Amino acid sequence: MSKAVKLSDIAQMMGVSSVTVSKALSGKKGVSEEMRKKIRDKADELGYKQPSEMRRLYEPRQYTIGVLIAARYVDRQASFYWKMYQELTAKALLKECITSLEIITQDDENNGVMPTLVAEQRVDGFIVLGPVAGSFIDAVTAHNDIPMVYLDGADNKREMDSVITDNYYGMYRMTRYLLERGHRKIAFVGTIGSTESITDRYFGYAKAMKEYGMDVLPGKDVIDDRFVEDGLTENYEIELPDAKHMPTAFACNCDRTAAKVIGKLEKQGYNVPRDISVVGFDNYLYPGLCDVKITTYEVDMRELTSRSLYILLKKVEHEYYKKGVSIVEGHLVEHGSVSNVRKGN
């Protein structure tokens with residue numbers, strides 16, 4: 001490999017000082033235009049690169065990452081996705097990238113209206129945060145080739161790169177946790193079909209119940225917690241079984257639903273966990289929503305955001321990456337919402 005050319009090398013060849021060469025190449029005063037041209041020509045001939053130019057060649061480019069999120073998930077006081085967006089922004093800054101958020105209204109999502117960030121080509125790539133309607137994704141991807149990654153959402157009907165938590169195994173683990181403590185009458189709380197993640201969590205629950213010899217009956221052992229059409233939980237009244245059919249435990253698809261279930265149980269005179277046990281999912285609950293600390297499955301938000309950003313930047317830079325669905329494991333977190341009902345305890 002040839003030796004890097006220095007200012008002193010050019011100065012020696014031109015019979016001038018290194019200061020003169022520096023002034024000539026940087027455009028400063030103190031050098032005649034004739035000499036400036038000769039020095040620049042010699043520098044080009046020798047392949048000399050100024051330090052500032054070398055830094056630009058080796059420093060990573062700053063990208064603008066668009067983040068799209070459905071309006072129904074944005075609640076500054078309690079939103080799991082708002083917290084995830086903050087985590088994603090922090091990770092992007094470490095990569096010297098900036099994020100630009102666009103909130104998608106319910107009408108725009110349903111009608112497949114192209115987001116402004118995408119339509120105006122203002123971003124190098126974008127991340128769709130949380131589940132969105134399939135028609136919306138079709139509209140976004142139909143007329144542009146901007147790199148995209150799903151974060152905490154997936155669509156089995158479309159081959160999209162996505163990063164999700166281990167919903168199936170996570171709820172399987174939470175249900176096993178209840179079963180191992182003697183619970184047999186366990187109800188799942190979550191509207192099947194409203195989102196991919198809730199449906200996967202239901203199947204994890206059903207697998208654990210089946211392994212213990214119990215069949216799960218929709219309508220009896222499954223309780224809705226939101227509207228199936230749009231996934232909204234606001235104004236949805238969770239209907240718990242009457243006292244005669246009350247289970248000993250509830251496996252809730254998220255901590256916010258678990259908090260609502262606990263609130264309803266307490267209004268009916270039950271104590272959690274003395275009378276009835278409750279587990280959740282996410283390990284994220286805004287302070288003040290529930291007095292009981294909920295045993296839950298913690299979603300690894302840091303790894304989810306890091307991995308989605310890694311994949312997106314690989315796509316932006318046209319580098320190799322593993323395509324498809326990337327699953328991130330979480331872990332069980334024990335708190336005070338489960339009692340042990342095994343005989344002898």
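Take the residues of the range 256-283 that are in a helix (DSSP H, G or I) and aliphatic (A, V, I, L, M): which is surrounded by the fewest Cβ atoms within 10 Å (Cβ to Cβ)?
Among residues in the range 256-283 that are in a helix (DSSP H, G or I) and aliphatic (A, V, I, L, M), the one surrounded by the fewest Cβ atoms within 10 Å (Cβ to Cβ) is L265.
Identify, please: which residue in the range 21-80 is polar (S, T, N, Q) and under 49 Å from the mean Cα position of the chain (by Cα) and is, among those, modelled with the highest pLDDT?
Ranking the candidates gives T64 first.
Among the residues of the range 204-223, write down those that are surrounded by fewer than 16 Cβ atoms within 10 Å (Cβ to Cβ) and either assigned by TED's automatic domain parsing to the domain that holds P131 or of a type in the set (K, R) (or both).
Matches in the range 204-223: K210, K220.
When residues of the range 204-229 are filtered for being modelled with pLDDT of 95 or more and under 25 Å from Y150 (Cβ atoms), how many remain?
So the answer is 4.
Please list, ordered by residue number, the helices (runs of 4 or more DSSP H) wholly in the range 107-203 having 2 or more residues that are surrounded by fewer than 17 Cβ atoms within 10 Å (Cβ to Cβ) and modelled with pLDDT under 90.
116-119, 134-142
Has the range 89-105 got any residue that is surrounded by 13 or more Cβ atoms within 10 Å (Cβ to Cβ), closer than 26 Å to V299 by Cβ and under 12 Å from the mean Cα position of the chain (by Cα)?
Yes, the range 89-105 contains a residue that is surrounded by 13 or more Cβ atoms within 10 Å (Cβ to Cβ), closer than 26 Å to V299 by Cβ and under 12 Å from the mean Cα position of the chain (by Cα).
Are any residues in the range 82-115 β-branched (V, I, T) and farther than 21 Å from M160 by Cβ, and if so, which ones?
Of everything in the range 82-115, those that are β-branched (V, I, T) and farther than 21 Å from M160 by Cβ turn out to be T89, I98, T105.
Conditions: (1) β-branched (V, I, T); (2) free of Cβ contacts under 8 Å to residues at least 60 places away in the same chain; (3) surrounded by fewer than 19 Cβ atoms within 10 Å (Cβ to Cβ). V341 meets all but one. Number of the miss?
(2)
Quick check on my filter: what residues within the range 126-147 are within 20 Å of K314 (Cβ to Cβ) and either among the aromatic types (F, W, Y) or in contact with a Gly (Cβ under 7 Å, 6 or more places away or on another chain) (or both)?
F126, V128, I146, P147
Applying the selection to the range 206-255, what residues are part of a strand (DSSP E or B) and under 25 Å from L285 (Cα atoms)?
Result: V222, I223, A249, F250, A251, C252.
Within the range 86-99, can you find the residues that are of a type in the set (G, A, S) and either out of contact with any Ser or Thr (no Cβ under 6 Å at 6 or more places or on another chain) or at pLDDT below 85 (or both)?
Listed by number, the list holds a single entry, A90.
Where residues in the range 284-311 are buried (at least 21 other Cβ atoms within 10 Å of the Cβ) and part of a loop (DSSP other than H, G, I, E, B), which of them is modelled with the lowest pLDDT?
Taking the candidates together, the pick is C290.
Got at least one residue in the range 104-125 being under 30 Å from M214 (Cβ atoms) and in contact (Cβ under 8 Å) with a residue 24 or more places away in the chain?
no
Out of K322, K293, I need the residue that is outside the structural domain of N144 (by TED's automatic domain parsing) and of a type in the set (D, E, K, R). Which one?
None of the others qualify; the one that does is K293.
The values are calculated or read from the model by the stated rules, or taken from the named source; none is laboratory data. Computed from a prediction, not measured in an experiment: that's the story for all the values here. Glycine gets a Cβ as well: all are built from the backbone with ideal geometry, and neighbour counts include every protein chain shown.
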